[in-house]
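Asker: Dropping a structure here in structure tokens format, bear with me for questions.
The values are calculated or read from the model by the stated rules, or taken from the named source; none is laboratory data. Source: prediction; values computed, not measured. Here Cβ is always computed from backbone atoms with ideal geometry, including for glycine, and neighbour counts include all displayed protein chains.
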Amino acid sequence: MTQFKDHKATKSPNLLVGLDNPDDGGVINFGDKKIIQTVDFFTPILDNPYDWGRVAAANALSDVYAMGGEPISALQLVCWPRNDISFDILSEVIRGGLDTMEDANCTVVGGHSIDDKEPKYGFSITGIVKGQVLKNNNVNNGDRLFLTKPIGTGIITTAIKKRHCIRG
């Protein structure tokens with residue numbers, strides 16, 4: 001929110017990427033290291049719970065990778081309608097997320113869950129940058145872009161959730 005961008009809590013002499021120039025994550029100098037922090041979670045976008053967990057984890061990790069970082073730890077975020085959807089389904093979602101974190105050598109150190117009407121799942125990731133911090137505004141002609149899904153997928157899934165688009 002722009003009305004808080006000048007709040008003292010959003011300022012630090014060690015802050016490299018923050019609210020003044022938002023990106024995939026925030027970056028702060030910490031001693032001789034640059035630390036990336038990011039958070040990403042969303043409602044189900046796939047019918048298979050395991051796949052949803054994997055995609056949610058990969059999506060959160062991608063914010064760290066996009067900035068030139070290496071993920072080191074993660075916290076899970078779970079919002080679950082405990083009286084409406086089985087915990088067996090949640091177990092599959094979590095297993096998918098954990099499998100993706102294991103593949104990335106990223107340690108899940110904890111997390112938080114709440115009872116919510118709509119299921120949501122994701123992660124807060126902490127990573128380190130050993131070289132240059134890559135930012136959205138320093139992409140150059142000739143840089144490679146790796147697409148992990150077809151362009152427009154996010155727009156289409158949002159339209160489906162809002163019932164502005166029919167699955168075909």
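Asker: Taking the condition of being under 19 Å from Asp103 (Cα atoms) and either surrounded by 21 or more Cβ atoms within 10 Å (Cβ to Cβ) or within 12 Å of the chain's Cα centre (by Cα) (or both), how many residues in the range 42-60 meet it? If you could, list the steps in order and put the result at the bottom.
Answerer: From the range 42-60, those under 19 Å from Asp103 (Cα atoms) are 49-60; that's our starting set.
Among the residues that remain, those that are also either surrounded by 21 or more Cβ atoms within 10 Å (Cβ to Cβ) or within 12 Å of the chain's Cα centre (by Cα) (or both) are: 49, 52-60.
Count: 10.
Asker: Name the single residue that is surrounded by the fewest Cβ atoms within 10 Å (Cβ to Cβ) among those in the range 96-115 being assigned to a strand (DSSP E or B) and polar (S, T, N, Q).
Answerer: Taking the range 96-115 first, the residues assigned to a strand (DSSP E or B) are 107-115.
From what is left, the residues that are polar (S, T, N, Q) are 107, 113.
Numbers: Thr107: 12, Ser113: 14.
Here the residue is Thr107.
Asker: Exactly one of (1) within 30 Å of Arg163 (Cβ to Cβ); (2) touching a residue at least 12 places away in the same chain (Cβ under 8 Å) is unmet by Asp47. Its number?
Answerer: Unmet condition: (2).
Asker: What are the residue pairs meeting all of these: first residue in the range 84-110, first residue at positive phi, second residue outside any helix (DSSP H, G or I) and surrounded by 12 or more Cβ atoms within 10 Å (Cβ to Cβ), Cβ atoms under 7 Å, and 6 or more apart or on different chains?
Answerer: Listed pairs, sorted by first residue: Gly110/Leu75.
Asker: Within the range 67-79, which residues are outside any loop (DSSP other than H, G, I, E, B), more than 11 Å from the chain's Cα centre (by Cα) and surrounded by fewer than 23 Cβ atoms within 10 Å (Cβ to Cβ)? Talk me through it step by step, then tell me what you get.
Answerer: Looking only at the range 67-79, we keep the residues that are outside any loop (DSSP other than H, G, I, E, B), and these are 70-79.
Narrowing the set further to residues that are more than 11 Å from the chain's Cα centre (by Cα) leaves 70-73, 78-79.
The answer is Glu70, Ile72, Ser73, Val78, Cys79.
Asker: Need the failing condition index for Thr43 against (1) closer than 15 Å to Ile125 by Cβ; (2) at pLDDT below 95; (3) not aliphatic (A, V, I, L, M), just the number.
Answerer: In the conditions (1) closer than 15 Å to Ile125 by Cβ; (2) at pLDDT below 95; (3) not aliphatic (A, V, I, L, M), Thr43 misses (1) alone.
Asker: Need the failing condition index for Phe87 against (1) under 17 Å from Asp47 (Cα atoms); (2) surrounded by 16 or more Cβ atoms within 10 Å (Cβ to Cβ), just the number.
Answerer: Checking Phe87 against (1) under 17 Å from Asp47 (Cα atoms); (2) surrounded by 16 or more Cβ atoms within 10 Å (Cβ to Cβ), the one that fails is (2).
Asker: I would also like to ask the following. Take Glu70 and tell me if it is in contact (Cβ under 8 Å) with a residue 40 or more places away in the chain, among the acidic types (Asp, Glu) and more than 18 Å from Phe42 (Cα to Cα). If you could, list the steps in order and put the result at the bottom.
Answerer: Details: in contact (Cβ under 8 Å) with a residue 40 or more places away in the chain: yes; among the acidic types (Asp, Glu): yes; more than 18 Å from Phe42 (Cα to Cα): yes.
Considered against the rule, which asks whether it is in contact (Cβ under 8 Å) with a residue 40 or more places away in the chain, among the acidic types (Asp, Glu) and more than 18 Å from Phe42 (Cα to Cα), Glu70 comes out as yes.
Asker: Out of curiosity, is Phe30 surrounded by fewer than 18 Cβ atoms within 10 Å (Cβ to Cβ), farther than 20 Å from Pro119 by Cα, free of Cβ contacts under 8 Å to residues at least 40 places away in the same chain and out of contact with any His (no Cβ under 9 Å at 6 or more places or on another chain)?
Answerer: On the way: surrounded by fewer than 18 Cβ atoms within 10 Å (Cβ to Cβ): yes; farther than 20 Å from Pro119 by Cα: yes; free of Cβ contacts under 8 Å to residues at least 40 places away in the same chain: yes; out of contact with any His (no Cβ under 9 Å at 6 or more places or on another chain): yes.
Spelling it out, Phe30 is indeed surrounded by fewer than 18 Cβ atoms within 10 Å (Cβ to Cβ), farther than 20 Å from Pro119 by Cα, free of Cβ contacts under 8 Å to residues at least 40 places away in the same chain and out of contact with any His (no Cβ under 9 Å at 6 or more places or on another chain).
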